[in-house]
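Okay, so here's the structure we're looking at.
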Amino acid sequence: MSILKYAPEALKNLFKPPVTTKYPFEPAVYPEGARGHIEITIDDCIGCGMCVRSCPCGTLSVDKMAGTWSIDRFDCIACGYCVEKCPKKCLTMVEGYQTPGAKEGKVTYTKSPEQLEKDRIAREEQAKKAAAAREAAAKKAAEAAKQQQPSGLEQAAKK
């Protein structure tokens, strides 16, 4: 008799549309206010580290010389502070969640070789300009010191 107890419910469900979502066949609809996950356009990143300093969880790391940016997805709370603080706006908050995988949660992005070469050349030019500016400042300071020192004749006249 217990089988007949559930028969009406089973018959109703045969003719109703499914209550569950058709996830693999239809994309998931994320609710309003869902945070999602952080993505980066790595070639636009200048490696300033503002995102690292603003991250409350310490999940981000940047290596300017190597041209890498890393995030530990398992520790990230998707607060969006790094996205707000990025001066080049290369970080974005993407709707949806990360695709699950067998790898660890830490993901590292690396700049393209062409961009790394451009960055290296720009750093060298900036270093040359800074060295020239320091040399000019030292020369100017030496001239100013030379002008302030009285010559030997002036010192003898004062005595």
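What follows is calculated from the coordinates using simple rules that are stated; it is not laboratory data. A quick note: this is a predicted structure, and the numbers were derived from the prediction, not measured. Neighbour counts are summed over all protein chains in view; Cβ atoms, including those assigned to glycine, are modelled from backbone coordinates with ideal geometry.
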**Request:** Tally the residues that are closer than 14 Å to Gly47 by Cα and in contact with a strand residue (DSSP E or B) (Cβ under 6 Å, 6 or more places away or on another chain), restricting the search to segment 106-126.
**Result:** 3
**Prompt:** Does Gly33 satisfy the condition of being surrounded by 13 or more Cβ atoms within 10 Å (Cβ to Cβ) and not in a strand (DSSP E or B)?
**Reply:** no
**Complete:** Residues of segment 93-108 being of a type outside the set (D, E, K, R) and either exposed (fewer than 15 other Cβ atoms within 10 Å of the Cβ) or farther than 19 Å from Tyr30 by Cβ (or both), in sequence order, are Val94, Gly96, Tyr97, Thr99, Pro100, Gly101, Ala102, Gly105, Val107, Thr108
**Prompt:** Would a scan of segment 43-61 turn up a residue that is more than 30 Å from Ile121 (Cβ to Cβ) and polar (S, T, N, Q)?
**Reply:** yes
**Prompt:** Are there any pairs, at least 6 apart or on different chains, whose C-beta atoms fall under 7 Å, with the first in segment 49-73 and without any contact (Cβ under 8 Å) to a residue 60 or more places away in the chain and the second of a type in the set (Lys, Arg) and part of a loop (DSSP other than H, G, I, E, B), and if so, which?
**Reply:** Gly67/Lys111
